[in-house]
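Take a look at the structure set out below.
The values are calculated or read from the model by the stated rules, or taken from the named source; none is laboratory data. As the structure is a prediction and not an experimental result, all values here were calculated from the model. Cβ: placed from backbone, ideal geometry, glycine included. Neighbour counts: every protein chain shown.
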Amino acid sequence: FEAFEPGRRQAAWAALRAAGDVLPLAPARHLPFDVEEMDEEELIFLDYLATGITVSGHPMEHIRDRLDEHGVASSADLEEVPD
(Lines give C-alpha, C1' and ligand atoms only; values in the text may rest on other atoms or scores of the structure.)
Protein backbone atom coordinates (compact mmCIF):
# COMPACT_ATOMS: atom_id res chain seq x y z
CA PHE A 1 0.00 0.00 0.00
CA GLU A 2 2.88 2.36 0.62
CA ALA A 3 3.53 2.67 -3.10
CA PHE A 4 0.28 4.59 -3.49
CA GLU A 5 -0.22 8.28 -2.90
CA PRO A 6 -1.50 9.73 -0.70
CA GLY A 7 -0.14 7.74 2.22
CA ARG A 8 -2.31 5.13 3.91
CA ARG A 9 -3.39 7.43 6.74
CA GLN A 10 -4.57 10.18 4.39
CA ALA A 11 -6.27 7.62 2.14
CA ALA A 12 -8.13 6.13 5.12
CA TRP A 13 -9.50 9.53 6.10
CA ALA A 14 -10.50 10.26 2.50
CA ALA A 15 -12.29 6.91 2.20
CA LEU A 16 -14.21 7.46 5.42
CA ARG A 17 -15.20 10.95 4.33
CA ALA A 18 -16.37 9.67 0.93
CA ALA A 19 -18.45 6.99 2.64
CA GLY A 20 -20.02 9.59 4.91
CA ASP A 21 -18.75 7.62 7.88
CA VAL A 22 -16.98 10.45 9.72
CA LEU A 23 -17.97 13.48 11.69
CA PRO A 24 -17.90 16.83 9.90
CA LEU A 25 -14.69 17.73 11.73
CA ALA A 26 -12.73 14.95 10.04
CA PRO A 27 -9.76 16.18 8.04
CA ALA A 28 -10.56 17.71 4.68
CA ARG A 29 -9.49 16.10 1.43
CA HIS A 30 -6.40 18.28 1.28
CA LEU A 31 -5.15 18.77 4.79
CA PRO A 32 -3.81 22.23 5.63
CA PHE A 33 -1.01 20.54 7.59
CA ASP A 34 1.24 17.53 7.21
CA VAL A 35 -0.07 14.25 8.56
CA GLU A 36 2.66 12.08 9.99
CA GLU A 37 3.21 8.95 7.92
CA MET A 38 2.75 5.62 9.66
CA ASP A 39 5.81 3.91 11.03
CA GLU A 40 6.74 0.31 10.21
CA GLU A 41 5.04 -1.07 13.33
CA GLU A 42 1.73 0.62 12.44
CA LEU A 43 1.95 -0.60 8.84
CA ILE A 44 2.55 -4.20 9.90
CA PHE A 45 -0.39 -4.03 12.34
CA LEU A 46 -2.71 -2.65 9.66
CA ASP A 47 -1.57 -5.24 7.11
CA TYR A 48 -2.45 -8.03 9.56
CA LEU A 49 -5.73 -6.34 10.44
CA ALA A 50 -6.75 -5.90 6.80
CA THR A 51 -5.40 -9.08 5.21
CA GLY A 52 -4.13 -11.42 7.92
CA ILE A 53 -0.61 -11.29 6.44
CA THR A 54 2.19 -8.82 5.85
CA VAL A 55 5.29 -8.70 3.70
CA SER A 56 6.79 -5.82 5.68
CA GLY A 57 8.26 -7.83 8.52
CA HIS A 58 7.05 -9.67 11.60
CA PRO A 59 5.25 -8.02 14.53
CA MET A 60 7.55 -9.70 17.05
CA GLU A 61 10.46 -7.62 15.73
CA HIS A 62 8.85 -4.62 17.39
CA ILE A 63 7.83 -6.10 20.73
CA ARG A 64 10.41 -8.82 21.49
CA ASP A 65 12.61 -6.47 23.56
CA ARG A 66 9.64 -5.43 25.70
CA LEU A 67 8.62 -9.06 26.20
CA ASP A 68 12.20 -9.97 27.20
CA GLU A 69 12.12 -7.21 29.83
CA HIS A 70 9.06 -8.89 31.36
CA GLY A 71 10.60 -12.37 31.30
CA VAL A 72 8.46 -13.75 28.48
CA ALA A 73 10.24 -16.70 26.87
CA SER A 74 10.74 -16.76 23.12
CA SER A 75 9.75 -19.81 21.09
CA ALA A 76 13.48 -20.56 20.66
CA ASP A 77 13.86 -20.78 24.46
CA LEU A 78 10.79 -22.92 25.20
CA GLU A 79 12.70 -26.22 25.26
CA GLU A 80 14.77 -24.90 28.17
CA VAL A 81 11.80 -23.59 30.19
CA PRO A 82 10.80 -25.96 33.01
CA ASP A 83 7.23 -27.29 33.02
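A few notes on this one:
- Residue pairs whose Cβ atoms lie under 6 Å apart, separated by 6 or more positions or on different chains, with the first residue in the range 62-77 and assigned to a helix (DSSP H, G or I) and the second surrounded by 12 or more Cβ atoms within 10 Å (Cβ to Cβ), are His62/Glu41.
- Scan of the range 23-40 for residues that are at pLDDT 80 or above and surrounded by 14 or more Cβ atoms within 10 Å (Cβ to Cβ), ordered by number: Met38
- Scanning the range 34-61 for residues that are of a type in the set (Gly, Ala, Ser) and either part of a helix (DSSP H, G or I) or closer than 14 Å to Arg8 by Cα (or both) gives a single hit, Ala50.
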